[in-house]
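Reviewing the structure listed below.
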Amino acid sequence: MFATEGLGIEMERILIVDDEEDLLDLLYYNLEVTGFEVEKAATGRAALIKASENPPDLIVLDVMLPDLLGFEVLRTLRSREETRSIPVILLTARGEESDVLVGFEMGADDYVSKPFSPRELIARIRAVIKRVAGKESARPHIRYGALEIDLDAHRVFLDDGEVVLAPQ
């Protein structure tokens, strides 16, 4: 990774909520190396506080939490003005059709069953962010003064003109 302070990088912030420490660490690592800014919470109450104080761009939320069910956390998020529009991907071992339907009816943007592939989850996160936020990309654009790098399109711009890059 490289230092991003002062570079004008627009990184999406993801809040991951799960009571399994190993899974939190796995998700944290995979999301961070992919270019997301990541915050963790191990309980539903902690997630609600973090989401209200500094709303993330997306929440990955486990359904089975020790203090509140993820469905209750989702209901509370959707009832609050400051968190109503945050996209939520439910992550759970409960993959029955009825659970999936309840999640969508409560306002989930996607539903991923455990076990899952971290690469698939990251693809789903990018798709939800792109769809919900109307962004062209779920990856950062790097800006430094008049220089801009579009990581998705593999293009570089200087003073609003494209710099043609050729392989070495």
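The values are calculated or read from the model by the stated rules, or taken from the named source; none is laboratory data. Quantities reported herein were computed from a predicted structural model and do not represent experimental measurements. Cβ placement follows ideal geometry from the backbone for every residue including glycine, while neighbour counts extend to all protein chains displayed.
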Does segment 84-99 hold any residues that are over 13 Å from the mean Cα position of the chain (by Cα) and of a type in the set (Val, Ile, Thr), and which are they? THR92
Inspect all residues belonging to segment 109-116 and state whether any of them is more than 18 Å from GLU32 (Cα to Cα), at pLDDT below 90, charged (D, E, K, R) and in contact with a strand residue (DSSP E or B) (Cβ under 7 Å, 6 or more places away or on another chain). yes
Identify, please: which residue in segment 38-73 is more than 16 Å from MET106 (Cα to Cα) and among the acidic types (Asp, Glu) and is, among those, farthest from the chain's Cα centre (by Cα)? ASP67
Return yes when PHE104 is part of a helix (DSSP H, G or I), among the aromatic types (Phe, Trp, Tyr) and either at pLDDT below 90 or under 16 Å from the mean Cα position of the chain (by Cα) (or both) and no when it is not. yes
Selection count where residues are over 17 Å from VAL88 (Cβ atoms) and at pLDDT 95 or above, scope segment 1-24: 0
Considering only segment 54-73, how many residues are surrounded by fewer than 15 Cβ atoms within 10 Å (Cβ to Cβ) and in a helix (DSSP H, G or I)? 0
When you scan segment 7-20, how many residues do you find that are in a loop (DSSP other than H, G, I, E, B) and more than 16 Å from ILE129 (Cβ to Cβ)? 5
Condition set assigned to a loop (DSSP other than H, G, I, E, B) and in contact (Cβ under 8 Å) with a residue 40 or more places away in the chain, scope segment 21-53, selection surrounded by the fewest Cβ atoms within 10 Å (Cβ to Cβ): answer is GLY35
Looking at segment 74-83, which of the residues that are of a type in the set (Ser, Thr, Tyr) and part of a helix (DSSP H, G or I) is farthest from the chain's Cα centre (by Cα)? SER79
